[in-house]
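One structure is given here, and the rest of the page talks about it.
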């Protein structure tokens, strides 16, 4: 858990301290991070971040990202017929939403998941998965081929599978950035 100390005017300290308590962080001295209001003295040692009260929402967004623990799930549980099976994330080629049901596709079969697509997207943000269209999230480590396709789209083929997933035009830019293409 991130610990912090706020440096600035009394009003700023009170306001920022209250907002950060809502992020479930701790105020300690010494702290992991010192938040310094622009124009206030900067500490001589340690890690500090200078912020302007006009951009407080940006500061909170950044602190929320670095203070919330990232979950790294080694596996998920999928359902096949009436049985449940643990699925290693590394074995999942892609997730596909069909209506209100989400399926995790492996090289051999598809498993029904208890999550919706947007929930899965949030759950695996720290892994090697990226959303490529309105219905699919793919595991980039399991892509065998990236094929330029019609209309600025991309077609993906996966290892050990004949399955194909299309990267729609709306997602191509993010996909290429994710892969540094």
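Some observations on this one:
- Distance (nanometres) between label positions extended 7 Å along Cα→Cβ at residue 15 and residue 101: 5.2 nm
- Available extension along the chain between residue 173 and residue 88 is 27.8 nm, counting 0.36 nm per residue and deducting the alpha carbon span.
- Cα-based helix-to-principal-axis angle, 10-22 vs the chain, degrees rounded to 10: 30 degrees
- Theoretical gain in end-to-end length, residue 66 to residue 53 [0.36 nm per residue, Cα-Cα removed]: 2.7 nm
- Between 160, 91, 29, the Gaussian network model of the chain with springs among Cα atoms under 10 angstrom shows the greatest mean-square fluctuation at 29.
- Distance histogram in 10 Å bins (all Cα pairs of the chain, percent per bin): 9, 29, 21, 18, 17, 6, 0
- Counting only alpha carbon atoms, the long axis of helix 56-67 and the longest principal axis of the chain meet at about 60°.
- Between the stretch 1-65 and the stretch 103-181, the alpha-carbon center distance in angstrom: 38 Å
- Kirkwood Rh (inverse of mean 1/r, distinct Cα pairs), the stretch 75-178, angstrom: 13.8 Å
Bear in mind that the values in this text are calculations on the coordinates, not laboratory data. Given the structure is predicted, the values throughout are model-derived calculations rather than measurements. Cβ sites come from the backbone with ideal geometry, for glycine too, and all protein chains shown count toward neighbours.
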